[in-house]
Amino acid sequence: MLTIYSDDHRLHHGKGELNDGELQPCYECPERADQVLAAVRQARLGDIVAPDEFGLEPIKAVHDPRYVDFLQQAWELWAAEGRTSDALPLNWAVRGMRQLEPDYIDGKLSYYSFDAGTPITAGTWAAVTTGANIAVTGAARLLAGDEFIFALSRPPGHHAARDYFGGYCFLNNAAIAAQYLLDNGASRVAILDVDYHHGNGTQSIFYERNDVLFVSIHADPRQEFPYFLGHADEHGKGPGDGYNLNLPLPWQSGADRWFAALETGHARVREFAPDYVVVSLGVDTYIGDPISQFCLESDDYLAMGSRIADLGVPLLFVLEGGYAVADVGTNVSNVLLGATR
Ligand code: 6XA
Ligand code: ZN
């Protein structure tokens, strides 16, 4: 296995997110990646290399160029107003309101987001573009013949859609990698999202396409963030009909229910016969996760990795969520260990 990693993730370090009615310290913090890196080293999972630079083209192949330009400028526009704290949006265009991009930075933040838990800081742009480069470097290595890559980056990506951020995510690293694979020779790519939360961004990006199969196992959106996407009856649209499979589970689901859902997803991926599988690897399904309500134990992640590797297709694991900082390294490295055995 090869891990792609850069210290640049530290450049994104939000001070706070709105949670339980208070501005609380961000769960999505640099220590997460530090722990995962330490665990990958300790488990001797193979070489760790720096990403290559791919510029904005692979990013703009997935995200609206106007959104990408906004992300690039957002901190500068915010700081120009004399603000030194993180940039956070405050209101959104709900039913009956108009979708027009405002001129003022506060309005732009609202227009290009869907929650108040995802601060933009001075270093966010540098961190998220490095994250995208990490994912694309992983994809390029698969195209060159590697079979098993881990893209170790943060912040995560699967909530980021074509033109909005939220859920701690700005650029959709898994989607960018999948599109890069398709643009460079692959015919079909499956994205298997095992994060506790539904990958609404990934689903929406590929919803009308049949060259990307999206399969997600997640907490039921009737109970859990992101609330407004991720139901079982969302199966794709037009040519994409049948190429989106949501497997929502109730709060308190443990290994029995989770692995039963994985079997359903596994069968669908095999039927699709992809050239590559991108795994959105969140371990916030862990019983000790501070923001989640599933009950997987650390040993279950070994079985998860092993069953995913049974797909028999080259794999790119992309780090998503997981906030039990003391255990996130063990849980992620267990998936990777399970997959390499
Ligand atoms: C909202 C919860 C954000 C969830 C982020 C995540 N405060 N997504 O882990 O996978
Ligand atoms: Zn998550």
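The values are calculated or read from the model by the stated rules, or taken from the named source; none is laboratory data. On a predicted model such as this, the values are computed, not experimentally measured, just so you know. We place every Cβ from the backbone using ideal geometry, glycine too, and count neighbours over all the protein chains shown. Only protein heavy atoms, including side chains, enter the accessible area calculation; ligands, DNA and RNA are left aside. Shrake-Rupley method; radii C 1.70, N 1.55, O 1.52, S 1.80 Å.
Here Gly14 clears all of (1) more than 27 Å from Ala178 (Cα to Cα); (2) open to solvent by 50 Å² or more (accessible area, probe 1.4 Å) except the condition numbered (2). Evaluate the following for Val40: is it within 16 Å of ligand 2 (Cβ to nearest atom), at pLDDT 95 or above, open to solvent by less than 10 Å² (accessible area, probe 1.4 Å) and outside any strand (DSSP E or B)? For Val40, the condition - within 16 Å of ligand 2 (Cβ to nearest atom), at pLDDT 95 or above, open to solvent by less than 10 Å² (accessible area, probe 1.4 Å) and outside any strand (DSSP E or B) - is not met. Condition first: surrounded by fewer than 24 Cβ atoms within 10 Å (Cβ to Cβ) and within 28 Å of Asp146 (Cβ to Cβ). Can you find one or more residues in region 193-202 that meet it? There is no residue in region 193-202 that is surrounded by fewer than 24 Cβ atoms within 10 Å (Cβ to Cβ) and within 28 Å of Asp146 (Cβ to Cβ). When the residues of region 294-327 are filtered to those that are β-branched (Val, Ile, Thr) and within 16 Å of ligand 2 (Cβ to nearest atom), the one that is most open to solvent (accessible area, probe 1.4 Å) is Val325. Scanning region 70-118 for residues that are under 24 Å from Gly199 (Cα atoms) and either open to solvent by 60 Å² or more (accessible area, probe 1.4 Å) or among the aromatic types (Phe, Trp, Tyr) (or both) yields Phe70, Gln72, Leu90, Asn91, Trp92, Val94, Arg95, Gln99, Tyr111, Tyr112, Phe114.
Of all the criteria given as (1) aliphatic (A, V, I, L, M); (2) farther than 27 Å from Ile205 by Cβ; (3) away from ligand 2 (no atom under 16 Å from the Cβ), the one not satisfied by Val269 is (2). When Glu224, Glu234 are checked against the criterion of being open to solvent by 10 Å² or more (accessible area, probe 1.4 Å) and either within 23 Å of Arg270 (Cβ to Cβ) or touching a Leu at 6+ places or on another chain (Cβ under 6 Å) (or both), a single residue qualifies: Glu234. Residues in region 17-37 that are open to solvent by 30 Å² or more (accessible area, probe 1.4 Å) and touching a residue at least 12 places away in the same chain (Cβ under 8 Å): Leu18, Asn19, Tyr27, Glu31, Gln35. Within region 1-34, being over 19 Å from Gly321 (Cβ atoms) and part of a loop (DSSP other than H, G, I, E, B) holds for Met1, Ser6, Lys15, Gly21. Taking the listed residues Val128, Val136, the one that is within 16 Å of ligand 1 (Cβ to nearest atom), under 16 Å from the mean Cα position of the chain (by Cα) and either at pLDDT 95 or above or closer than 17 Å to Asp69 by Cα (or both) is Val128, with no other qualifying.
Just one of the numbered conditions (1) closer than 23 Å to Val40 by Cβ; (2) away from ligand 2 (no atom under 16 Å from the Cβ) is not true of Tyr112: (1).
Specify the residue that is farthest from the chain's Cα centre (by Cα); the eligible residues are those in region 43-62 that are closer than 15 Å to Trp125 by Cα and assigned to a helix (DSSP H, G or I). Here the answer is Lys60.
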